[in-house]
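So the structure is just underneath, and the comments pick up after that.
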Amino acid sequence: MTGIFRQKTPGNIILLIILGIFIKLPAFFHAKGFIIKQSDGIFYTNLTGFLDRVTNGSGFVFAVIAFGLNLLIAFILNSFINTDRFMNKPNFLSGMAYMLITSFLPSFNMLSSNLVASVLLLTAFKLLYQSHHVKNHIFNASLLIGLASLFFFPALFFVAWAFLALLVLRPFRLSDWIILLLGLISPYYFYGTYLFLNDKLEVPSYFYHFSFLSSDIRYSLWHAGALFLLLAPLLAGMYYVQANSAKMLVHIRKGWYLFLGYLAVTIVAGLFDIEKHQKTWC
């Protein structure tokens with residue numbers, strides 16, 4: 001299988017879709033609908049409410065939507081790695097690996113705010129990385145990060161990553177930082193305006209329950225193992241980048257460091273608990 005996806009051919013697009021369908025078949029036949037949490041933003045709750053009414057609560061429809069989002073993430077990730085030449089040869093291995101890994105995680109087979117936010121955040125990553133030659137991407141990327149936080153609040157931690165990425169990729173210009181701030185604030189500005197005009201302006205309740213490593217969860221060796229599995233790709237990536245840094249172009253090396261930073265922020269965001277359970281990790 002890896003030999004097939006090691007080549008970059010148009011036929012691999014169809015093969016990746018077919019592979020995704022086959023490994024997700026159990027999710028289609030035993031669909032569980034969608035995940036709803038107290039911390040989910042109004043955009044996500046309204047979206048799931050609308051889809052629930054339109055589809056009459058069909059779990060299969062939500063499974064198909066979740067599959068479409070996973071497939072979209074796989075193509076975004078694969079296109080980004082191939083377009084910017086993060087590997088020696090263009091291939092479809094990253095998309096294949098994503099579909100295989102997520103098939104082992106039940107929460108990825110259901111529609112969730114985390115999944116919607118992941119699509120927006122990966123698109124923002126791609127745009128921000130390409131901002132070294134297209135300045136307009138700075139605003140678009142920061143706008144997507146702000147929008148992702150309205151679907152899934154812990155995505156707000158990627159604001160720090162956005163500033164770090166801008167610092168690494170471009171020489172310091174105050175105008176760039178202002179554009180980044182405007183993009184991040186814009187979704188909240190329009191959302192706040194909507195709430196104000198409808199006399200619904202208030203602080204979301206989950207702000208009062210925001211904590212780090214909540215004491216309400218009884219941590220065990222299973223959690224330690226799960227945390228190790230989360231840290232393993234980060235540690236392996238750090239070793240890979242250091243071992244091959246001499247063979248990489250400067251900009252590609254910066255991109256891999258941003259990937260590691262992205263993964264680190266993802267882990268930190270998962271450790272900040274709102275729901276008092278482990279669903280944020282998925």
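Any read-out appearing in this document is the output of simple, stated calculations on the displayed coordinates, not a laboratory observation. Since the model is a prediction, treat every value here as computed from it, not as a measurement. Cβ: placed from backbone, ideal geometry, glycine included. Neighbour counts: every protein chain shown.
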Notebook entry, point to check: Label point 7 Å out from Phe28 along Cα-to-Cβ: which residues of segment 40-84 have amide N under 13 Å?
Noted result: 60-68
Next item on the list: Within 10 Å, count the other beta carbons around each residue, average over each peptide in 117-128, 145-156, 258-269, 22-33, and list them highest first.
Entry: 145-156, 117-128, 258-269, 22-33
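Using a 10 Å cut-off around each Cβ, can you sort Val116, Val159 from fewest to most neighbouring Cβ atoms?
Values: Val116 24, Val159 17.
Listed from fewest to most nearby Cβ atoms, that is Val159, Val116.
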Check: How would you classify segment 77-204 from its alpha-carbon gyration tensor, with a ≥ b ≥ c the square roots of the eigenvalues: rounded for a/c under 1.5, else prolate if a/b is greater than b/c, otherwise oblate?
Finding: oblate
Margin query: Starting from the 7 Å offset along Cα-to-Cβ, what nm value, one decimal, do you get for the label separation of Ile185 and Ser79?
Written below: 3.1 nm
Note to self: Quick check: residue separation of Asn198 and Ile101 times 0.36 nm, minus the Cα distance between them. What number comes out in nm?
What the structure shows: 30.6 nm
Notebook entry, point to check: From the cross-link list Lys24/Lys254; Lys32/Lys126; Lys135/Lys254; Lys135/Lys200, which pairs have alpha carbons spaced over 24 Å apart?
Noted result: Lys24/Lys254; Lys32/Lys126; Lys135/Lys200
Checklist line | Descending Cα extents along the principal axes, segment 1-111, whole Å | finding: 46, 28, 22
Item checked: Long-range amide H partners of Leu111 with built H, under 5 Å -> Ile35, Ala66
Check: Hey, fewest Cβ within 10 Å first, where do Asp40, Asp52, Asp199 land in order?
Finding: Asp199, Asp52, Asp40
Next item on the list: Run the numbers on segment 1-111 and let me know its relative contact order in percent, using alpha-carbon pairs under 8 Å that are six or more apart.
Entry: 40 percent
